[in-house]
Amino acid sequence: MNTLHMHNSMGLLLDRIRIKQEEVRRWLESYEGAKELPLYSSVDIRDAGFKAAVVDTNIFPSGFNNVCEHGLADSEGLMRAAIHKRAPGGKNILIIAEEHTRNTWYLENVRILQQVIAKAGFNVKIATFLDAQPAFCEKDKSVELKTATGESVRIHCFKHILAEYQAGREKFDLIIMNNDLTGGIPEVLKNSKVPIYPSIQAGWHSRLKSHHFDHTRDLMHEFGRIIDVDPWLFSCLFNSVGDVDINAETDRAKLAAAAEELFTKIRNKYDEHRIPEKPYIFVKSDSGTYGMGIHTIEHPEEIVHISRKVRNKLNVGKGGKVIHRYLLQEGVPTIYSIGQEICEVCIYQIENKMIGGFYRSHSDRGQRDNLNTRGMEFKKMCPHLSKYGDCGVHHDVNVFDVYRILARTAGIAAHREIIQLEANTQ
């Protein structure tokens with residue numbers, strides 16, 4: 001059995017939360033209530049012992065294959081309720097997947113997602129645009145592919161699905177996006193008569209991480225007031241800079257000036273809370289996913305003198321999209337390890353209700369590094385042993401109360417983001 005080793009404790013913070021737990025519950029529920037939260041989300045959390053914070057929130061999660069079987073069983077009822085809320089009486093669901101047809105682990109993710117929705121009582125098909133392989137759509141309507149576990153999954157060509165729908169031979173009551181629309185919104189989705197969730201306006205073509213963390217910061221200030229602690233202990237300081245060409249020295253100087261300002265704020269917090277560690281910052285794309293375009297620095301000057309190799313990494317995100325806007329985010333070290341591997345927490349939610357998640361680990365990375373990179377591994381998170389038996393890595397139940405609060409807060413922040421993004425397009 002794997003167990004998670006913690007090198008430190010959040011005892012004081014846990015005590016504060018326990019004392020105020022009823023107020024905290026009411027506060028979260030006041031924002032969740034009847035509001036339409038993201039259909040699903042995954043939330044990356046780093047715990048340094050002296051603080052714990054959300055470092056990334058994905059509203060098109062692609063790791064359902066890393067959720068333990070008990071979490072997937074719990075997902076069925078939650079997914080049923082979420083779909084009925086969005087499409088009352090609906091039966092037919094279309095999942096629009098990424099074009100990663102060669103990524104067999106991604107295929108396993110959509111297969112599991114399809115399985116959860118089917119077990120919840122719906123008819124489900126998976127389609128993708130296949131823009132990268134248009135010739136495929138000329139001769140075939142669908143293809144059966146093998147996932148990383150050797151299972152089969154059928155992927156339909158969206159063009160053919162659309163034609164069948166328009167001819168009245170296919171009926172869909174709801175479209176679930178598992179495609180983050182980095183390249184923009186296809187015209188056919190803009191004009192869709194079928195409701196689409198999560199919102200197509202919240203794809204990475206327009207979503208900014210800095211806006212998400214603006215909302216998170218506001219919420220954490222409220223949370224801090226309730227439990228009477230510094231909200232910094234549950235959030236990351238950050239800065240964002242736009243109109244940047246990472247290859248231009250003047251623009252790197254602009255980034256370095258913003259980093260200097262951020263380092264000063266972090267150092268002040270370290271002094272205030274008597275933290276002996278050295279601050280550091282993640283430089284990352286302000287939009288986009290898959291851990292692309294991320295670099296760690298310990299001094300602002302490092303940005304000015306960044307090597308060509310690192311500039312190339314920071315210059316391009318998913319789909320070859322050039323990065324012009326950067327998030328400078330306070331680095332939160334992780335105190336967790338499984339065996340000899342450093343790891344961080346990733347929580348999966350359906351409408352803000354936790355279904356489990358996993359620990360992202362990396363044997364070649366340290367406590368201060370980005371773990372979402374080539375060579376990472378995933379270890380399924382097992383809820384409490386007495387209820388579920390041995391199904392993965394067991395976690396500290398008390399500390400997980402904090403993580404659940406952080407993940408729910410991230411879901412509320414994402415809800416606010418989506419409202420804002422949709423308002424901007426009207």
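The values are calculated or read from the model by the stated rules, or taken from the named source; none is laboratory data. Quick caveat: nothing in here was measured; it's all calculated off a predicted structure. Cβ atoms come from the backbone with ideal geometry, glycine included; neighbour counts cover every protein chain shown.
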Flagged in the stretch 235-263 as part of a helix (DSSP H, G or I) and either under 28 Å from the mean Cα position of the chain (by Cα) or under 17 Å from His211 (Cα atoms) (or both), in numbering order, are Arg252, Leu255, Ala256, Ala258, Ala259, Glu260, Glu261, Leu262, Phe263
Flagged in the stretch 7-48 as loosely packed, with under 15 Cβ neighbours inside 10 Å, at pLDDT below 85 and farther than 30 Å from Met177 by Cβ, in numbering order, are His7, Asn8, Ser9, Gly11, Leu12
Q. Is at least one residue of the stretch 58-67 part of a strand (DSSP E or B) and out of contact with any Cys (no Cβ under 6 Å at 6 or more places or on another chain)?
A. yes
Filtering the stretch 116-129 for residues that are crowded, with 17+ Cβ neighbours inside 10 Å, more than 21 Å from the chain's Cα centre (by Cα) and more than 22 Å from His160 (Cα to Cα) leaves a count of 1
Of all strands (runs of 3 or more DSSP E) fully inside the stretch 302-365, the set with 1 or more residues that are at positive phi and in the same structural domain as Arg217 (by TED's automatic domain parsing) is 353-362
In the set Ser199, Ser210, Ser206, the lone residue that is of a type in the set (Gly, Ala, Ser), closer than 30 Å to Pro279 by Cβ and in contact (Cβ under 8 Å) with a residue 60 or more places away in the chain is Ser210
In the stretch 80-113, anything aromatic (Phe, Trp, Tyr) and more than 22 Å from the chain's Cα centre (by Cα) is listed as none
Report task. Return a yes/no flag: does the stretch 191-201 have any residue that is at pLDDT below 95 and among the aromatic types (Phe, Trp, Tyr). Result -> no
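Taking the stretch 121-178, which residues are assigned to a helix (DSSP H, G or I), basic (Lys, Arg) and in contact with a helix residue (DSSP H, G or I) (Cβ under 6 Å, 6 or more places away or on another chain)? Before the answer, list the steps.
As a first pass, look at the stretch 121-178 and keep what is assigned to a helix (DSSP H, G or I): 134-139, 158-166.
Within this subset, residues satisfying the condition of being basic (Lys, Arg) are 139, 159.
Across the stretch 121-178, the qualifying residue is only Lys159.
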Considering only the stretch 222-240, I want to know if a residue exists there that is under 30 Å from Gln115 (Cβ atoms), in the same structural domain as Ile19 (by TED's automatic domain parsing) and modelled with pLDDT of 95 or more.
no
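For every residue, the table says whether it meets (1) out of contact with any Ser or Thr (no Cβ under 6 Å at 6 or more places or on another chain); (2) among the β-branched types (Val, Ile, Thr); (3) free of Cβ contacts under 8 Å to residues at least 24 places away in the same chain; (4) over 19 Å from Ile355 (Cα atoms).
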site	(1), (2), (3), (4)
Val67	yes, yes, no, no
Lys91	yes, no, no, yes
Ala97	no, no, no, yes
Gln114	yes, no, no, no
